[in-house]
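Q: My questions will all concern the structure given below.
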Amino acid sequence: MSRLMNKYTITLLIFLVWLAFFDRNSLVGKMQLRGKIATLKKEKAYYQNKIEEDNRKMKELLSNKDNLEKFAREQYLMKNKNEDIFVILNK
């Protein structure tokens, strides 16, 4: 019992609690930052894949006029003067 009441032990416990919860670089804060870093890494990988996919599509569209016309017709509903467009929605 006297070991627990030792002033050095009490000081050490107070110091550890301070570091764990109240310090600017606390353990709780570090765990939250690690979680945020993991989330940001996942987002980075997603956006890098999206950029690669979009670059591939852009090269494909710019390399062939037929692909560009197909894309314009499907995505932007563009048409020639003598054509009609019918949009069919699947539900």
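Q: Give the residue, chosen from Gln48, Gln75, that is in a helix (DSSP H, G or I) and open to solvent by 100 Å² or more (accessible area, probe 1.4 Å).
A: Sole residue among the options that is in a helix (DSSP H, G or I) and open to solvent by 100 Å² or more (accessible area, probe 1.4 Å): Gln75.
Q: Any idea which residue in the stretch 1-42 is most open to solvent (accessible area, probe 1.4 Å), counting only those that are over 24 Å from the mean Cα position of the chain (by Cα) and of a type in the set (Gly, Ala, Ser)?
A: Ser2
The values are calculated or read from the model by the stated rules, or taken from the named source; none is laboratory data. Worth saying up front: this structure is predicted, and the values here are computed from it rather than measured. Heavy atoms of the whole protein, side chains included, go into the accessibility calculation; ligands, DNA and RNA do not. Shrake-Rupley method; radii C 1.70, N 1.55, O 1.52, S 1.80 Å.
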